[in-house]
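Colleague: Questions regarding the structure given below will be posed in turn.
Each value in this text was obtained by applying a stated rule to the coordinates, not by laboratory testing. As the structure is a computational prediction, the values presented were derived from the model and not from experiment. Here Cβ is always computed from backbone atoms with ideal geometry, including for glycine, and neighbour counts include all displayed protein chains.
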Amino acid sequence: MDLRSLQRPLKDHYRQDPSSSRITLSARGGQTDAPIACSIDLGRAIYNAQAHAGVGGAGTGSCSGDLLLGALAACAQITCQMVAGAMGVPTENITVTVEGDLDLQGTLGISKDVPVGFENLRVIFDIRAPQATEDQLKALQAKTEQYCVVMQTLLHPPRIESQWMRV
């Protein structure tokens, strides 16, 4: 796939009309029969989520933490593949694993000294590229981390606005 040819008309359009590059993505969580589960509608797909077994969920489905790690893994994976293609870095295989550490005492309100949420995230890139040079791999790493939307969002969190609507 020639990524540059695919993206050229998009880039040209965004340069000519910068406001056209601004998009809004949306996800909607919906209630299910059990208070420990929900459905997430992304507009193009619906995913089921449930509370982690460590906080009372069944442990049979993805929890919100899994979905966050999955979003980071997917973004890093796709970004790395696209950057490698655009830069002409010869890769045989790219795999991204994301791990996150959290202490459920914070989530359950057991300890006020324990934060709620992930304390550490690790993004592990396993790149098989025997024909690539060290300089190509360093540039691939730098550009992947620079253009990975989810990674950059986590590194530089946006302002979050919370609105409660009563019906």
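Colleague: Under a straight-distance cross-link criterion of Cα-Cα below 21 Å, which lysines are reachable from K11, leaving out those fewer than 8 residues away in the same chain?
Modeller: Filter leaves K143.
Colleague: Going by average Cβ neighbours within 10 Å, how do the peptides 115-125, 5-15, 22-32, 157-167 rank, with the highest at the top? Don't jump to the answer; show the numbers that get you there.
Modeller: Details: 115-125: 13.1, 5-15: 11.0, 22-32: 8.5, 157-167: 4.5.
Put in order of decreasing packing, that is 115-125, 5-15, 22-32, 157-167.
Colleague: In addition: Once you wrap a convex hull around the alpha carbon atoms of segment 64-157, what is its projected area averaged over all directions, in nm²? Display every interim value, and only then the final one.
Modeller: On the way: hull surface 26.3 nm².
Quarter of the Cα hull surface area: 6.6 nm².
Colleague: Suppose only helical runs count, i.e. DSSP H with n ≥ 4. What mean residue ellipticity at 222 nm does that imply for the chain under -39500 (n - 2.57) per run, divided by all residues and rounded to the nearest 500 deg cm²/dmol?
Modeller: Working: 5 runs with 63 residues, N = 167.
Counting only the DSSP helices, I get -12000 deg cm²/dmol.
Colleague: Please express the Cα-Cα pair-distance distribution P(r) of segment 3-89 as a list of whole percents, one per 5 Å bin, running from 0 to the bin with the greatest distance.
Modeller: 3, 11, 14, 16, 15, 13, 10, 8, 7, 4, 0
Colleague: Hey, got the Cα dimensions of the chain along the principal axes, in Å, largest first?
Modeller: For the chain, the Cα extents along the three principal axes come out at 50, 39, 29 Å.
Colleague: Taking the Cα centre of the chain as origin, sum charge times position over the Cβ atoms of Lys and Arg (+1) and Asp and Glu (-1), and report the length of that vector in debye to the nearest 20.
Modeller: Values: 14 positive and 17 negative charges, 130 e Å.
The calculation lands at about 620 debye.
Colleague: So for each of 95-101, 132-138 I average, over its residues, the number of other beta carbons within 10 Å; can you give me the resulting order with the highest mean first?
Modeller: Values: 95-101: 14.9, 132-138: 12.9.
Highest-to-lowest ranking by the protection proxy: 95-101, 132-138.
Colleague: With θ set to phi - 60°, apply the Karplus curve 6.51 cos²θ - 1.76 cosθ + 1.60 along segment 118-129 and write out the HN-Hα couplings as whole Hz, x wherever there is a Gly or Pro.
Modeller: In residue order, the calculated couplings are 5, 9, 9, 10, 10, 10, 10, 9, 10, 10, 9, 8 Hz.
Colleague: Next up: Starting at the first residue of segment 9-15, write each ³J(HN,Hα) from the Karplus equation 6.51 cos²θ - 1.76 cosθ + 1.60 with θ = phi - 60°, in whole Hz, x for Gly and Pro.
Modeller: x, 5, 4, 4, 4, 5, 5
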